[in-house]
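> To start, I am sharing the structure in question, which I have written as structure tokens.
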Amino acid sequence: MIKVAIIGAENVGKSTLMNALLGKKVSETQPIPGTTKGIIKRAFGTVKIPKTMKNPFGGADELVLIDTAGLYDPQYELRGKVLSEEKFKELLNEIASADVIINMIDAQYGLHRGMEKLHHILKFRYEKPIIVVVNKIDLIPKEKVEELREIIKKRLEQEPIMLSLVTYEGFNELLEKLVYYAQYAKKS
Ligand SMILES: Nc1nc2c(ncn2[C@@H]2O[C@H](COP(=O)(O)OP(=O)(O)OP(=O)(O)O)[C@@H](O)[C@H]2O)c(=O)[nH]1
Ligand SMILES: [Mg+2]
């Protein structure tokens, strides 16, 4: 079974994405940071993938999605408010055991320094496949979207997916990438 962990600072939309991928409400979402308090929320389900996107060699669309508590305060160099030092470490261990990681950034706040550091550790030390998504692009001016894409590409050394879970722009691109990485993880 392929484990996909959704990580990011508080309030970026991790739980909203988990619900969208599974097509049901499995995780609570709120406009206030620190909503996911259970630290780690696992939900098993089949991600609805359009037939045209499926790889003919296998359907790695049954995934365990792991919603996580926000690792950092969106604006400060502080741990997420529901995380003690011990819980923070517990969460890092869970993330390190995932097959695929979705690193989610809020378009309004940009890349968090703590998440930038963690991204590089997960990518280069743990060799995890990571999908970078910049969520809530519906909340920033159109001309800022490309600017942000370039900044994040430079700092994380990979192309981000520009996403909105309100308009669903970028959602298919995310599904495609998820299928690709999930199948890649399955082979190894
Ligand atoms: N405008 C807009 N709002 C969004 C989008 N995605 C999520 N939201 C809203 O952002 C708020 C936070 O979403 P959550 O999914 O609870 O965020 P989270 O990352 O799980 O937050 P924590 O559990 O607190 O870390 C909610 O009010 C969502 O409805 C988006 O693409 N655009
Ligand atoms: Mg949450």
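The values are calculated or read from the model by the stated rules, or taken from the named source; none is laboratory data. A quick note: this is a predicted structure, and the numbers were derived from the prediction, not measured. FYI the Cβ positions are ideal-geometry reconstructions off the backbone, even for glycines, and counts take in every protein chain you see. Just the protein is used for accessible areas: all its heavy atoms, side chains included, with ligands, DNA and RNA removed. Shrake-Rupley method; radii C 1.70, N 1.55, O 1.52, S 1.80 Å.
Residue-wise test of (1) assigned to a helix (DSSP H, G or I); (2) open to solvent by 50 Å² or more (accessible area, probe 1.4 Å); (3) within 16 Å of ligand 2 (Cβ to nearest atom).
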| position | (1), (2), (3) |
| --- | --- |
| K81 | no, yes, yes |
| F88 | yes, no, yes |
| L91 | yes, no, yes |
| G114 | yes, no, no |
| K117 | yes, yes, no |
| K123 | yes, no, no |
| E127 | no, yes, no |
| D138 | yes, yes, no |
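> Could I ask something else about it? Can you pull out the residues in segment 93-112 that are in a strand (DSSP E or B) and either touching a His at 6+ places or on another chain (Cβ under 8 Å) or of a type in the set (G, A, S) (or both)?
N103, I105
> For the structure I just gave you, tell me whether Y168 is more than 15 Å from ligand 1 (Cβ to nearest atom) and either surrounded by 14 or more Cβ atoms within 10 Å (Cβ to Cβ) or within 25 Å of G45 (Cβ to Cβ) (or both).
no
> Considering segment 1-35 alone, what residues qualify as being out of contact with any Pro (no Cβ under 8 Å at 6 or more places or on another chain), assigned to a loop (DSSP other than H, G, I, E, B) and more than 12 Å from T46 (Cα to Cα)?
Passing the criteria: G13, K25, V26, S27, E28, T29, Q30, P31, I32, G34, T35.
> Name every residue in segment 48-72 that is at pLDDT 75 or above and surrounded by fewer than 19 Cβ atoms within 10 Å (Cβ to Cβ), in order of residue number.
Passing the criteria: only V64.
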